[in-house]
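Encoded as structure tokens, the structure appears first; notes follow it.
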Amino acid sequence: MSQDLLIHTEAGVTTITFNRVEKKNSFTEAMYTQLAQTLTQADADQGTRVLVFQGDVTVFSAGNDIADFLNHPPASEDAPVFHFLRALASFSKPMLAAVCGPAVGIGTTLLLHCDLVYAGDNAAFSLPFVNLGLCPEAASSLLLPQMIGHHRASEALLLGEPFMAEAALEVGLVNRVLPPTECNAYAQAQARKLAGKPLASLIATKRLIKQGQQTAVLEHIAREGQVFAELLRGPAAREAFSAFMDKRRPNFADC
Ligand code: COA
């Protein structure tokens with residue numbers, strides 16, 4: 001079994017640690033498969049009351065592993081990334097994240113499905129889909145405008161420029177900013193607090209907070225996925241990804 005994800009359950013808290021630091025915790029197809037399975041099991045398992053995502057103190061996740069992504073483009077709704085996204089959007093118990101360093105693409109969009117997010121002061125969030133010739137995923141084109149308003153969401157999604165932890169705190173995308181070395185421990189302490197509360201009340205409260213939005217979110221994930229797959233075959237995405245592999249700036253003059 002690969003060690004790219006470390007899964008650990010203790011005192012009702014299941015923690016998923018992204019552990020592929022040499023590739024900036026970018027996600028491969030195999031990792032999406034394991035993430036989807038872990039979420040499905042954790043949601044059903046009585047031993048899990050709360051779930052936590054965490055990365056390294058230097059990096060949360062660089063998003064999709066670009067090389068792996070080109071070898072295994074998500075061709076249908078059955079692709080592992082969509083299993084993960086649906087499991088994420090449907091997860092019924094409290095979900096927390098501790099984010100330090102870069103959180104790129106799905107490294108940021110997965111946070112929109114979390115209930116509490118803690119950030120190290122080195123966290124840098126970015127949604128560079130347009131810069132990669134792609135479009136938003138994980139229902140971020142629905143959830144982000146709802147959370148931070150149309151103009152701020154457009155700035156994040158159209159320009160794709162990174163924004164730091166303090167800016168994320170100001171717009172309500174994170175709950176608290178901490179020194180990076182304290183971030184994971186703080187999220188764990190909050191998770192333990194939640195795990196001590198009555199599970200049925202936690203689940204009911206989360207469902208009420210989400211106000212029956214789950215169907216719309218799942219539909220949006222599917223719709224974005226179709227557009228994403230079309231754009232992935234287009235010239236801009238091809239240019240963006242070859243530029244990344246060749247370590248050069250992309251040239252979109254013909255796109
Ligand atoms: N896919 C595959 N490999 C990745 C990766 C990704 N998304 N992000 C980083 N890596 C690899 C780099 O190729 C490099 O590998 P190498 O050592 O074999 O050359 C290694 O991880 C270190 O990355 P590097 O870019 O040198 O680190 P950095 O600290 O300077 O920058 C990031 C970190 C996250 C800002 C930068 O790597 C980045 O922008 N990555 C791409 C993010 C992206 O576009 N994701 C896709 C979203 S759909």
Counting only residues that are in contact with a strand residue (DSSP E or B) (Cβ under 7 Å, 6 or more places away or on another chain) and not in a helix (DSSP H, G or I), how many does segment 25-48 have? 5
In segment 81-100, residue nearest to the ligand (Cβ to nearest atom) [restricted to those that are assigned to a loop (DSSP other than H, G, I, E, B) and surrounded by 23 or more Cβ atoms within 10 Å (Cβ to Cβ)]: Cys100
Output the number of the condition that Val21 fails; it satisfies all remaining conditions of (1) closer than 20 Å to Cys183 by Cβ; (2) surrounded by 18 or more Cβ atoms within 10 Å (Cβ to Cβ); (3) in contact with a Gly (Cβ under 9 Å, 6 or more places away or on another chain). (2)
Within segment 237-247, of all residues that are more than 14 Å from Phe69 (Cα to Cα) and within 13 Å of the ligand (Cβ to nearest atom), the one surrounded by the fewest Cβ atoms within 10 Å (Cβ to Cβ) is Lys247
Examine segment 52-60 for a residue that is charged (D, E, K, R), surrounded by fewer than 20 Cβ atoms within 10 Å (Cβ to Cβ) and farther than 22 Å from Ala119 by Cβ, and state whether such a residue exists. no
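Per-residue answers, yes or no, for (1) at positive phi; (2) within 16 Å of the ligand (Cβ to nearest atom):
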{"residue": "Gly120", "(1), (2)": "no, yes"}
{"residue": "Phe129", "(1), (2)": "no, yes"}
{"residue": "Ser140", "(1), (2)": "no, yes"}
{"residue": "His151", "(1), (2)": "no, no"}
{"residue": "Gly160", "(1), (2)": "yes, yes"}
{"residue": "Met164", "(1), (2)": "no, yes"}
Starting from residues that are among the small types (Gly, Ala, Ser) and more than 14 Å from the ligand (Cβ to nearest atom), keep the ones in segment 59-78 and report whichever is modelled with the highest pLDDT. Ser76
Hey, Thr109 hits all of (1) buried (at least 23 other Cβ atoms within 10 Å of the Cβ); (2) part of a strand (DSSP E or B); (3) of a type outside the set (Gly, Ala, Ser) but one; which does it fall short on? (2)
Here are Glu219, Glu230, Glu239, Glu224: which of them is in a helix (DSSP H, G or I), over 23 Å from Phe60 (Cβ atoms), acidic (Asp, Glu) and under 20 Å from the mean Cα position of the chain (by Cα)? Glu219
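The values are calculated or read from the model by the stated rules, or taken from the named source; none is laboratory data. All values reported here derive from a predicted model rather than from experimental measurement. Please note: Cβ atoms are built from the backbone with ideal geometry, for glycine as well, and neighbour counts cover all protein chains shown.
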